[in-house]
Amino acid sequence: MELKNTNNQLDDKKLGIVSFVNGPVIKAVNMRDFAMREIVHVGEKLLMGEIINMEEDTATIQVYEDTEGLRVGEKVYGTGEALSIEVGPGLIGSFFDGIGRPLDVLLEKEGKYISPGTSVNMLSRDKVWEVKPALKAGDLITSGSVLATVQETPLLLHKIMAPVGVEGEVIWILPEGKHRASEDIAKIKDAFGREVSIPMIQRWPVRTPRPYRERLLPNEPFVTGQRVIDGLFPIAKGGTACIPGGFGTGKTVTQHQLAKWGDAQIVIYIGCGERGNEMTDVLEQFPVLEDPRSGRPLMERTILIANTSNMPVAAREASIYTGITIAEYFRDMGYDVAIMADSTSRWAEALRELSGRLEEIPAEEGFPAYLPSRLAEFYERAGRVVTLGGENGSVSVIGAVSPPGGDFTEPVTRHTKRFIRCFWGLDKNLANARHYPAISWIESYSEYSDELNNWFCTNVDPRWGEVRDKTREILAEDAKVQQVIKLVGEDVLPDDQRLVAFTAFLVKNGYLQQNSFSQDSYSPPLKGFNILDLIMDFHDKALELIKKGIPISLIKEDRSVDEITHLRELDPSDTEGIKRLRERLDAHLSRVAAERTKKIGGE
């Protein structure tokens, strides 16, 4: 049989025979010469698959394509390579499927329906790039050294690095000018005197984390522009977070906001098992979204990986590894990268389906017993590090979780909480009340707050931690007060408890709520702090008046109090607006106190 041209070099001397077919899981015999996790091509159509189990001369293979029509007795060809992707110029602004095939190239080659066994290069070999060498002949390099740069987009300078394990003296480097991506970037002489060619496009196995020199403490915030996150539940650069929530609570919109406004130079969005129409929206919206910092198209610093629910389930399992490997590659250039995985629940469902076909003993709710370890493998690849080349880079991972019925006790959500340090739980009741982002201030938490406190106190305000803690105390106390109000009504409560409920109302509507379709879509940390500080200052002064016997009805009746909930609509550059309202509030409270004193004196 004539072998098709594929990304992997096939070895027609190493042949297995298909002996069993069960959907995407097949078994093959005569496989003694094959290796665990080796990529193989199955049958006449050369379907791409990966060996996931070996027992004597029988191998179990998960196939990343539709196996319809595959017959027992067809041949299995080895490649000798693990599941790998190509890294190099051309990644930014591209759309890939779960195993790294460019969807736009597949559309051009195959049309709307992809034929099984279709193989295309992940990165174009014919594209011409303007290359600027960073070294010269005679220079010494180590793993991660920058050999040359390519201005891939106006927003991103792509650094072509020496592969891991390659060290030596540069004996030739590509001259400055326009060159095809298929060319070598340099040649070196290693410690053994061998000449080694370094290509512009390199490969890396997706299940193997890229090495780094040192892991750094997560003490610098990943600023999102969302007040409920930056103010109450912040995440660090290189941190991990999950956004669990039921249908319609706003997981996808929240991730879109983080992708647009988050403090990352590169965004990788993984649509893992989501509905086709949702990914269609992403594919249509991201190319026309404007990067708010530069005014350029957002796609000039974004990579999309689409593996929808109607695509092969095995490829869904591989998609998050494809995304995290690309992220690590750009991290090694010294960039801050953010990954949005939507959603890890669909990825876990793919694991469950494959596990069932493998006839493994199921754990809780049918998920495989190794679900926690697979989740750990993914989230632990996040981090802020010193790269092999000496740069500081980070990968921040934010995974959406879709628990059935919004049940946060189901296995995926519960195990995910073990490996993340930021939990932004979405509340169905808040979403129904049109309170967005619908992040619950009761169930959510961040373990990065103490580590980030110094940064916020230095760059925002020295009282940042104090005001944040006080706000959370009031919101927690309000939760108890609201239970009493539901039973007996607000009028029977003492004024100090009514003030807690009113202050919490101001926090919820004037601070936590944020419209993603207005100029309030992005709120700098300083603006958010000033709003929160004003509300807490109002609370303290109002409480002093209540202790003096002044009823809360007099405190609330001025128009300036109502305007607190409109502060969020101020332009971020309007620093005087909050100051003016604070002065009016102080004048109102002073007037109330004076009138009360005068009335008592008259009596």
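The values are calculated or read from the model by the stated rules, or taken from the named source; none is laboratory data. All values reported here derive from a predicted model rather than from experimental measurement. Neighbour counts run over all protein chains shown; Cβ positions are idealised from the backbone, glycine included. Quick note on the areas: whole protein, heavy atoms, side chains included, nothing else; ligands and nucleic acids left out. Shrake-Rupley method; radii C 1.70, N 1.55, O 1.52, S 1.80 Å.
Of note:
- Net dipole in debye of region 350-470 [+1 Lys, Arg Cβ; -1 Asp, Glu Cβ; about Cα centre; nearest 20]: 240 debye
- C-alpha long axis of helix 313-331 to longest principal axis of the chain, angle in °: 80 degrees
- Working note: Cα atoms of region 205-360, range along each principal axis, descending, whole Å: 48, 38, 31.
- Arg275 sits with roughly 90 Å² accessible to a 1.4 Å probe, with DNA, RNA and ligands left out of the calculation.
- Quotient of C-alpha Rg and 2.2 N^0.38 Å, computed over region 274-341: 1.24
- Mean separation of Cα pairs under 8 Å and 6 or more residues apart, divided by the residue count, gives the chain a relative contact order of 12 percent.
- Top positive-direction residue, dipole computed over region 1-132 with Cβ charges, set Asn22, Val128, Met36: Val128
- Other residues lying with their Cβ under 11 Å from the Cβ of Glu220 contribute a combined charge of -1, Lys and Arg counting +1, Asp and Glu -1.
- P(r) histogram, all alpha-carbon pairs of region 20-176 included - 5 Å bins from 0, percent: 2, 8, 14, 14, 13, 12, 11, 10, 8, 5, 2, 0
- Relative to the longest principal axis of the Cα atoms of the chain, the long axis of helix 449-459 lies at roughly 70 degrees.
- By the Stokes-Einstein formula, at 1.002 mPa s and 20 °C, region 501-603 with its Kirkwood radius over alpha-carbon pairs has D equal to 148 µm²/s.
- Count Lys and Arg as plus one, Asp and Glu as minus one, and take only other residues whose Cβ is under 9 Å from that of Pro24; the net charge is then -2.
- Reducing region 12-80 and region 391-441 to their Cα centroids gives an inter-centroid distance of 38 Å.
- Kirkwood Rh in Å, taken over region 358-480 so that all alpha-carbon pairs contribute: 17.6 Å
- For the cross-link pairs Lys178/Lys260; Lys470/Lys527; Lys470/Lys579; Lys260/Lys428; Lys251/Lys541; Lys480/Lys508, the ones whose C-alpha atoms lie over 26 Å apart are Lys178/Lys260; Lys251/Lys541.
- With viscosity 0.890 mPa s and temperature 25 °C, the Kirkwood radius over alpha carbon pairs of the chain converts through Stokes-Einstein to a diffusion coefficient of 91 µm²/s.
- Computed over the Cα atoms of region 59-98, pair by distinct pair, the Kirkwood hydrodynamic radius stands at 13.8 angstrom.
- Pairs of lysine residues in region 13-159 that meet both criteria, 8 or more places apart or on different chains and Cα atoms under 15 Å apart, total 5.
- For region 94-219, the ratio of Cα radius of gyration to the globular rule of thumb 2.2 N^0.38 Å stands at 1.25.
- Calculated Rg and Dmax of region 380-430 using C-alpha coordinates, Å: 15.1, 48
- Length-normalised contact order of region 123-279 in % [C-alpha pairs under 8 Å, at least 6 apart]: 15 percent
- Compared with the dominant Cα axis of the chain, that is its longest principal axis, helix 344-357 is turned about 40°.
- Positive dipole terminus of the chain, leading residue within His566, Ala264, Ile99 (C-beta point charges): His566
- Local electrostatic count at Trp204 - Lys and Arg +1, Asp and Glu -1, tallied over other residues with Cβ under 13 Å: +1
- Accessible surface of region 475-603 [probe 1.4 Å, protein heavy atoms]: carbon and sulfur percent: 51 percent
- Exposure ranking of Tyr436, Tyr448 by accessible area [1.4 Å probe, largest first]: Tyr436, Tyr448
- Dipole magnitude for the chain: computed about the Cα centre from +1 point charges on Lys and Arg Cβ and -1 point charges on Asp and Glu Cβ, it is near 580 debye.
- Across all directions, the average projected area of the convex hull around the alpha carbons of region 127-188 is 4.0 nm².
- A simple spin-label model places the labels of Arg293 and Lys548 4.8 nm from each other, with each point 7 Å out along Cα-to-Cβ.
- Cα extents for region 336-418 along the principal axes, largest to smallest and rounded to whole angstrom: 46, 28, 18.
- Using bins of 5 Å that start at zero, the share of Cα-Cα pairs per bin across region 427-517 amounts to 3, 12, 18, 20, 20, 15, 8, 4, 1, 0, in whole %.
- Accessible surface ranking that places the most exposed of Glu364, Glu284, Glu563 first, with a 1.4 angstrom probe: Glu284, Glu364, Glu563
- Accessible solvent surface per residue of the chain, calculated while the other protein chains remain in place, 1.4 angstrom probe, Å²: 43 Å²
- Only one residue of Leu216, Asn277, Gln255 has its Cα farthest out toward the positive end of the dipole of region 205-350, where Lys and Arg carry +1 and Asp and Glu -1 on Cβ, and that residue is Leu216.
- Residue ranking by accessible heavy-atom surface, 1.4 Å probe, largest first, among Ile398, Ile17 comes out as Ile17, Ile398.
- Helix-only arithmetic for the chain: the sum of -39500 (n - 2.57) across DSSP H runs with n ≥ 4, divided by the residue total, places the mean residue ellipticity at 222 nm at -10000 deg cm²/dmol.
- Overall shape: prolate for region 146-232, with the ratio a/c of the largest to smallest alpha carbon gyration tensor axis at 1.5 or above and a/b above b/c.
- Leu232 accessible area, 1.4 Å probe, all protein chains in place, Å² to nearest 10: 0 Å²
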